[in-house]
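Inspection log for the structure reproduced underneath, given as structure tokens.
The values are calculated or read from the model by the stated rules, or taken from the named source; none is laboratory data. Everything numeric here is computed off the predicted structure, so don't read it as measured data. Ideal geometry is used to build each Cβ from the backbone, glycine not excepted, and the neighbour counts take in all protein chains shown.
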Amino acid sequence: MIITISRETGSGGHTVGRLLAERLGYDFYDKEIVASVASKMGIDEKLILENGENMSDQDYIDMKSGFVPYYRKAQVPYEEIKEAQDKVIKSIAEKGNCVIVGRGADYILRERDDVFHVFIHADMEHRVKRVQRHEGVTDQEERVRKELMQKDRSRATYYRYFTQKEWGKVENYTLSLDSGIFTKTQCMELIVQAIKMKEKNKEA
């Protein structure tokens, strides 16, 4: 079983994925994918981290048009990063029993029948508070809100460019969970139960 975790920024999807991997005894992949792709391409991990699942509106327009004005900086090698990333994720999936967070893994592995796709989301209020706790601040709500909105937008833009689908749409996933209603541990347990039910239905 391969489990992919897609997530809104600040929803705790990374933590849910890690808890899930620990609970099932599966391998866990998130930043490990970034390191592997950077190593294979011989470039800085920061470039992969920033552009392996994010794309600005302007870069989207440039990529679609195939034209980059001379006064803008050199284009990010999105296509090359995507190709290397796809190979890494498919190689990971071949090993079986793992949890993969982000980077469009749900789409990359869409043709496999041993994959369970999860989307973790929450309303903005819960996500802002979670980031504030993580950063150890009690104010700066407007800044955090804008950053979350921007990160979600760039993630959706990247997904749209490479998949021609809309990020976060329910039809892309097996299960969608609100981490503002359920705790991260409860989300993990719900995923485990849903996987068991899916496997039981396959055997019936």
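Among the candidates K46, K64, K87, single out the residue that is of a type outside the set (D, E), part of a helix (DSSP H, G or I), in contact with a helix residue (DSSP H, G or I) (Cβ under 9 Å, 6 or more places away or on another chain) and at pLDDT 90 or above.
That would be K87, the only listed residue that is of a type outside the set (D, E), part of a helix (DSSP H, G or I), in contact with a helix residue (DSSP H, G or I) (Cβ under 9 Å, 6 or more places away or on another chain) and at pLDDT 90 or above.
The residue that is farthest from K146 (Cα to Cα), among those in the stretch 5-33 that are among the basic types (K, R) and in contact (Cβ under 8 Å) with a residue 40 or more places away in the chain, is R23.
Being in contact (Cβ under 8 Å) with a residue 12 or more places away in the chain, surrounded by 13 or more Cβ atoms within 10 Å (Cβ to Cβ) and not in a helix (DSSP H, G or I) is true for just one of S176, S154. Which residue is that?
S176
Being among the charged types (D, E, K, R), within 16 Å of the chain's Cα centre (by Cα) and within 13 Å of T4 (Cβ to Cβ) is true of K90.
A single member of G52, G25, G10, G96 is surrounded by 20 or more Cβ atoms within 10 Å (Cβ to Cβ) and either under 20 Å from V115 (Cβ atoms) or at pLDDT below 85 (or both), and it is G52.
Of the set (1) farther than 16 Å from T15 by Cα; (2) exposed (fewer than 15 other Cβ atoms within 10 Å of the Cβ); (3) touching a strand residue (DSSP E or B) at 6+ places or on another chain (Cβ under 9 Å), all apply to N201 but (3).
Selection of the stretch 11-43 for residues being polar (S, T, N, Q), part of a helix (DSSP H, G or I) and within 24 Å of V128 (Cα to Cα) yields only T15.
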